[in-house]
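> What follows is a single structure, and I will ask about it in a moment.
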Amino acid sequence: MTKHFLNLSDAGGDAIAAMIADAIDRKAARAGKPKGAADADTPLAGHTLAMIFEKNSTRTRVSFDMAIRQLGGTSLILDGATSQLGRGESIADTARVLSRMVDAIMIRTDDHAKVEEMAHYATVPVINGLTDLSHPCQIVADLLTVVEHGLALPGSQWAWLGDGNNVLHSIVEAAGLMRFDVRMGIPHGYDPDPGFADAARAAGSTITLTRDAAEAVAGADVVVTDTWISMGQAHADEKLAAMMPFQVTSDLMRQAKPGARFLHCLPAHRGEEVVDAVIDGPQSLIWDEAENRIHGQKSVLLWALGRLG
Ligand code: CP
Ligand code: NVA
């Protein structure tokens, strides 16, 4: 059966643990090589990844390109505007055609239903490179980053500050799969989709929502935030004002566990969701987190193409 990666639960906790372990091994094995050089075993030699972007990207685009190169394969990019998708060719027909031409498809788009439709019609793996609902590839990199920095995931305490968005949905989904807890500090009116929290709670994780930023971060091992205005959302002064008490400041970080790690998927809006002293400070793992998009995506590709777990 074709292995799609639309959400983390498509892989499940055991496969995600295998992805993290494999990413750590592969990263160590290629230390010192030029970034575009292939891994010694080139497990995806001859494979091509098509990437479809209907939204902007820096990290996802570059890291998937480098990931498939390092695995011995190649990539190509279709952007929404210049492909026939932009002139109304259906997702279904695009999926059928690309399935005859490439070995895997990564798509970044607005509506999650488009990714589901792509997966329904594709006969090669479809990978979600971000939708309005979720961002599973980002969270594979986030989990890899904190594990690399010595955190045992089961039982760990994560704090989310800010908007109830796609990145939070995937963190909460990961909590259920990897058995950690999330305290969400979110102002009224910007709550996440409750489905992810319900599933994580059913799996035994503690997922709580508070309107108080200090309560959210108290004793946390990991503090995470993201932009207050995601791609496709209108800029709204009212929203920025509501979010301001949830800005990640040095004072807030002091209320987390000593040595707590700070994560941000980037791009950051310095002075909005986080201040420079935190994002550039000693607890911030953001550059490792960004680099780990490559290593995490290699594991996702290997899993989707049946070479892992
Ligand atoms: N974090 C992330 O997905 O970054 P890009 O939008 O640059 O791909
Ligand atoms: N929540 C952000 C993540 C960007 C990587 C967005 O959807 O724009």
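Derivation of every value follows stated rules applied to the coordinates shown; laboratory data play no part. Quantities reported herein were computed from a predicted structural model and do not represent experimental measurements. Note that we place each Cβ from the backbone using ideal geometry, even for glycine, and neighbour counts take in every protein chain shown.
> Among what's in segment 221-240 and is more than 13 Å from ligand 1 (Cβ to nearest atom) and under 19 Å from Asp132 (Cβ atoms), pick the residue that is surrounded by the most Cβ atoms within 10 Å (Cβ to Cβ).
Among them, the one singled out is Trp228.
> Right, something else. Could you please let me know if Val97 is buried (at least 16 other Cβ atoms within 10 Å of the Cβ) and out of contact with any helix residue (DSSP H, G or I) (no Cβ under 7 Å at 6 or more places or on another chain)?
When the stated conditions are applied, Val97 does not pass them.
> If we only count helices (runs of 4 or more DSSP H) wholly inside segment 191-309, which ones have 2 or more residues that are of a type in the set (Phe, Trp, Tyr)?
Fully inside segment 191-309 and qualifying: 286-304.
> Okay, next question. Among (1) under 30 Å from Glu215 (Cβ atoms); (2) within 14 Å of ligand 1 (Cβ to nearest atom), there is one condition Leu151 misses while meeting the rest; what is its number?
(2)
> If Arg201 meets every condition in (1) among the charged types (D, E, K, R); (2) touching a helix residue (DSSP H, G or I) at 6+ places or on another chain (Cβ under 7 Å); (3) over 19 Å from Leu263 (Cα atoms) apart from one, which number is that one?
All conditions are met except number (2).
> Right, here's the next one. In segment 84-94, what residues are more than 11 Å from Met118 (Cα to Cα) and surrounded by fewer than 16 Cβ atoms within 10 Å (Cβ to Cβ)?
Gln84, Gly86, Arg87, Gly88, Glu89
> Considering only residues that are surrounded by fewer than 16 Cβ atoms within 10 Å (Cβ to Cβ) and not aliphatic (A, V, I, L, M), look in segment 29-47 and name the one that is nearest to Val300 (Cα to Cα).
Step by step, filter segment 29-47, then rank; the result is Thr42.
> State all residues of segment 148-192 that are touching a helix residue (DSSP H, G or I) at 6+ places or on another chain (Cβ under 6 Å) and charged (D, E, K, R); if no residue qualifies, say none.
Result: Glu173, Arg183.
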